[in-house]
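Asks: The structure that follows is given in the form of structure tokens.
The values are calculated or read from the model by the stated rules, or taken from the named source; none is laboratory data. Note that the structure is predicted; figures quoted are calculated from it, not measured. When we count neighbours, we look across all protein chains shown, and the Cβ atoms used for this are built from the backbone with ideal geometry, even at glycine.
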Amino acid sequence: MKPAHALPDAPPPGRDLRALWRRAVSVGRRIFFSIPDYDTYVAHLRAHHPERAVPSYEQFFSERQAARYKGGGGRCC
């Protein structure tokens, strides 16, 4: 039995680092490559557009790249 003044159990240290890393990668993709997070996109599709098919990651990535560069020969400037 724990004393009443004991702090709650902390998650294992590796879990915090993995979550922080995933968040940093997600933010980096959005900032540097304008690529939204695939898992977030899939969750959105399932919640708000259940009739639509979920694309593979490769299809998702290709669509995001096409949307970003819109036929400009791969360059925006």
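Asks: Which count do you get for residues in the range 1-54 that are at pLDDT 75 or above, acidic (Asp, Glu) and in a loop (DSSP other than H, G, I, E, B)?
Replies: Qualifying residue count, the range 1-54: 2.
Asks: Now for a different question. If the Cβ limit is 6 Å and pairs must be 6+ apart or interchain, which residue in the range 52-64 that is touching a residue at least 12 places away in the same chain (Cβ under 8 Å) pairs with which residue that is among the hydroxyl-bearing types (Ser, Thr, Tyr)?
Replies: Every condition considered, the pairs that remain are TYR57/TYR38; PHE60/TYR38.
Asks: Let me ask another. Scan the range 36-48 and report the pairs whose first residue is among the hydrophobic types (A, V, I, L, M, F, W, C) and whose second residue is at pLDDT 85 or above, with Cβ atoms within less than 8 Å and a gap of 6+ or a chain change.
Replies: Between residues of the range 36-48 that are among the hydrophobic types (A, V, I, L, M, F, W, C) and residues that are at pLDDT 85 or above, the close pairs are VAL42/VAL54; LEU45/ARG52; LEU45/VAL54.
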